[in-house]
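First comes the structure, then the notes that go with it.
Bear in mind that the values in this text are calculations on the coordinates, not laboratory data. Just so we're clear, the structure is a prediction, and the values are computed from it rather than from any experiment. So basically every Cβ, Gly included, is an ideal-geometry build from the backbone, and we count neighbours across all protein chains shown.
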Amino acid sequence: MASDGGPLTPGDYITHHLQNLQVCQVDGEWAWNQCAGNPMTINVDSMFFSMLLGLFFIWTFGKAARMATSGTPGKLQAFVEIIVDFVDSIVKDSFHGKSRLIAPLALTVFVWVFLMNLMDLIPVDWLPMAAGAVGIPYLKVVPTTDINVTFGMSISVFTLIIFYTIKTKGVGGFLREMTMQPIAPPTRGAGLIAAPFIIGFNLILESVALLAKPLSMSLRLFGNLFAGELIFILIAIVGIWQLPLHLGWAVFHLLIVTLQAFIFMMLTIAYLSLATEEH
């Protein structure tokens with residue numbers, strides 16, 4: 001039903017499915033779904049499903065580790081070993097520094113993002129209808145269609161980029177990277193008068209390039225998954241004929257789900273590898 005009590009139009013249906021379950025403080029009290037324009041809004045559904053899937057990842061891989069045997073592995077152990085070996089080989093080929101954090105980080109990023117993306121394959125009405133039956137008016141089940149989630153992950157990677165750059169090259173090396181390239185300022189002669197302007201110009205260019213890393217990571221993941229979710233919603237509007245269309249798009253979208261998790265992992269490894277390289 002639409003908010004005015006009339007039949008639900010396609011526009012109302014799409015708007016409803018793209019609305020997060022939100023909570024925020026209004027006049028000092030917590031309020032649900034009255035958060036338009038409030039920068040401190042919490043998207044409860046995004047937080048819930050991202051944390052739930054993160055715990056599922058930890059539980060599954062922890063169980064495989066506890067059950068690990070040197071003999072014939074079980075199906076779960078074999079599956080986990082395939083993923084771990086796959087990620088480990090990519091890290092060895094792509095990361096040129098020395099850090100025991102990168103491989104576990106890459107594994108966590110790949111599996112966690114994949115699980116969040118995979119929620120997009122659940123028919124769009126199933127979980128929201130179940131939530132509506134218990135009085136929850138809105139429910140978005142794909143955390144990576146929430147730009148706050150993708151930005152949160154990319155900002156975490158950005159923080160690690162800064163940390164590893166300073167750890168490897170020092171504060172001075174980090175500042176030299178930001179100010180002495182791509183145009184080398186003159187160090188002697190009449191050109192010295194232009195050096196401050198060149199350094200300032202380099203700082204602007206390098207700052208844009210540095211900030212573009214988390215921005216591109218978050219927007220790429222968000223954009224692809226949001227577009228996929230929107231297509232599933234449009235398919236659902238068809239009604240009873242949606243099943244063959246849903247299955248067809250789901251098969252294709254499974255490639256996008258996996259590819260976007262892989263790309264996010266590869267960008268994480270590549271950016272951290274660049275942060276540890278001396279040249």
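Can you list the aspartates and glutamates whose alpha carbon is less than 20 Å from that of Lys140, not counting same-chain residues fewer than 8 positions off? Reachable aspartates and glutamates: Asp12, Asp45, Asp120, Asp125, Glu229. What is the angle, in °, between the Cα long axis of helix 147-179 and the longest principal axis of the Cα atoms in the chain? Nearest 10 is fine, range 0 to 90. That works out to roughly 10 degrees. The share of C-alpha pairs in segment 45-276 whose separation exceeds 31 Å stands at 38 percent. Counting every pair of alpha carbons in segment 96-138, the share spaced more than 18 Å apart comes to 54 percent.
Over the chain, dividing the summed -39,500 (n - 2.57) contributions of all DSSP H runs of at least 4 residues by the number of residues returns a 222 nm mean residue ellipticity of -23500 deg cm²/dmol.
Under a model in which nothing but the beta-carbon of Lys, Arg (+1) and Asp, Glu (-1) is charged, the chain shows a dipole of about 1000 debye around its Cα centre.
Which value, in debye to the nearest 20, describes the size of the charge dipole of segment 154-231 about its Cα centre when Lys and Arg Cβ atoms bear +1, Asp and Glu Cβ atoms bear -1, and nothing else is charged?
Numbers: 6 positive and 3 negative charges, 54 e Å.
Result for segment 154-231 is approximately 260 debye, rounded to the nearest 20.
Going by average Cβ neighbours within 10 Å, how do the peptides 77-88, 171-182, 218-229 rank, with the highest at the top?
218-229, 77-88, 171-182
Angle between the Cα long axis of helix 102-118 and the longest principal axis of the chain, 0 to 90 degrees, nearest 10? In the chain, helix 102-118 runs at an angle near 30 degrees to the longest axis. Relative to the longest principal axis of the Cα atoms of the chain, the long axis of helix 75-94 lies at roughly 30 degrees.
For Lys75, the lysines whose Cα falls under 16 Å of its own Cα, not counting residues fewer than eight places away in the same chain, are Lys63.
Each of Trp32, Trp249, Trp126 was scored by other Cβ atoms within 10 Å of its Cβ. Listed from fewest to most, they are Trp126, Trp32, Trp249.
Put a plus charge on the Cβ of each Lys and Arg, a minus charge on the Cβ of each Asp and Glu, and nothing anywhere else: the dipole of segment 1-100 about its Cα centre is then about 720 debye. Relative to the 2.2 N^0.38 Å rule of thumb, segment 56-144 has a C-alpha radius of gyration ratio of 1.45. Charge tally around Leu101: other residues with Cβ under 15 Å, Lys/Arg +1 each, Asp/Glu -1 each, net +3.
Could you order the peptides 33-42, 195-204, 159-168 from most to least packed, using the average number of other C-beta atoms within 10 Å per residue?
So the order, starting with the most tightly packed, is 159-168, 195-204, 33-42.
Directionally averaged projected area (segment 161-205, Cα convex hull): 3.3 nm².
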